Amino acid sequence: MKKYLLDLPSEQLKNALGHLVKQDYRIEQIRDWIYVKKADSFDKCLNLPKDLREKLSEKFIIRTLKAERKEKSLIDGTIRYTFKTLDKKYFYAVFLPSKVKGKNSVCISSQIGCQVSCAFCYSGQTKFIRNLTRGEILEQILTIENDTGEKISGVLFMGMGEPLLNFNNVLSAVKSLLSKKEFNIGKRHITLSTVGVIPCIKKLTDENVGIRLALSIHAVDDKQRKRLMPNNMGFEISSILLAANQYLKKTKSRLTIEFILLRSINDLAADAHKLARLLKKNGLLNPNVQINLIPFNPVKNSQFQPPSQETLDRFKNILKVNGFTVNIRQAKGADIGAACGQLGA
Ligand code: SAH
């Protein structure tokens, strides 16, 4: 089988190519073609000798994903991509265009399906199939850049899957995003969203890559959280917040608290007060912490409803009065099923 070069961090890339390519500068040229010039096949790598290009394509492959389907939102220009892997599995990524030139982001997947099974999330209803590899994670971005002709400057690990349950591949991909010779994206522009897998938050703290962490909290007590997020691995809200606090302190990066609002379930004034208290108690009333309120996006077979505008505003104001920075996350691409929680088969 041909080796998939995007799966290989730079040292391994060097070793893999070493049999064919002796000179370091040639290896750097190949790396540059893959990550910076975004070549999707070796014939495009024109500064490499023809016989080398032929030998490379016998042994290696640059891309594996096929963009099977592409849907563009008429509301906001968001594009939802359906990717097919070599083993014929499907998953999704979303291109989020910006009005500001050169400030486009992508929301990418880390797994095919998800094991956490959140009651409000469509990806959670999709059977877990497997982790994506480092290459498959990165290739989503390269394909979208090729297809749109736009440079991506922000990456959200907020698609299908729980990124911290695919820790090694996600970390390897993050290092490639940060690498000056690969994606060269600033750490402040990379966000990893998680339900809060505490041992992995600790590992990420030790790695000190400094990306923005987003925590899907969604409930103000553990009983309610267990109902909404049944496979939360038994981690308590306060322990997750404590781990996040340590992440902030050690890495000096930013934290987002994500809170989905479900009508009459967790959108009451009392819930907002409790959330404020919980965050304060764990040292998270802090200029580097921001709360994102996510009004529920409708998904198939769901018993939930979004909050009313009034409830949403009230929830936001209570948090603001308590001193927090609060944003309401507007749904993007809702008409094509590309908004948070809508990515599923
Ligand atoms: N597994 C990670 C990554 C998914 S991120 C995580 O849970 O954080 C996607 C965000 O959208 C999460 O905060 C998730 O809880 C939220 N979400 C899921 N379903 C949703 C829905 N139907 N409406 C709005 N947000 C939803």
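In table form, for the structure just shown:
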quantity	calculated
Calculated from backbone phi, Karplus (6.51, -1.76, 1.60) coupling profile of the range 96-101 in Hz, x at Gly/Pro	10, x, 10, 6, 7, 4
Three-way shape call for the range 3-61 based on the alpha-carbon gyration tensor, with the a/c threshold at 1.5	rounded
Convex hull of Cα atoms in the chain, direction-averaged projection (nm²)	17.4
In degrees, nearest ten, helix 167-178 long axis to first principal axis of the chain (Cα)	70
Order by protection proxy (mean Cβ within 10 Å, highest first), peptides 114-122, 286-294	114-122, 286-294
Over 32 Å (Cα to Cα) - which of 2/181; 50/181; 175/300; 180/274; 84/300; 22/84 fall in this group	175/300; 180/274; 22/84
Unpaired by the 4.7 Å Cβ criterion, cysteines found in the chain	45, 107, 114, 200, 340
R0 of 45 Å, Cβ-Cβ distance residue 313-residue 151: FRET efficiency to nearest 0.05	0.80
Rounded to 5, percent antiparallel among DSSP beta bridges of the chain	40
Surface accessible to a 1.4 Å probe, residue 87 within the full protein complex, Å²	70
Pair residue 269, residue 23: separation of 7 Å Cα→Cβ label points (nm)	7.4
Solvent-accessible heavy-atom area per residue, rounded to whole Å², over the range 66-336 at 1.4 Å	43
Top positive-direction residue, dipole computed over the chain with Cβ charges, set 183, 245, 47	245
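The values are calculated or read from the model by the stated rules, or taken from the named source; none is laboratory data. Not measured: the values here are computed from a predicted model. Because the Cβ atoms are built from the backbone with ideal geometry, glycine has one as well, and the counts that use them run over all protein chains shown. All accessible areas refer to the heavy atoms of the entire protein, side chains included, with ligands and DNA or RNA removed. Shrake-Rupley method; radii C 1.70, N 1.55, O 1.52, S 1.80 Å.
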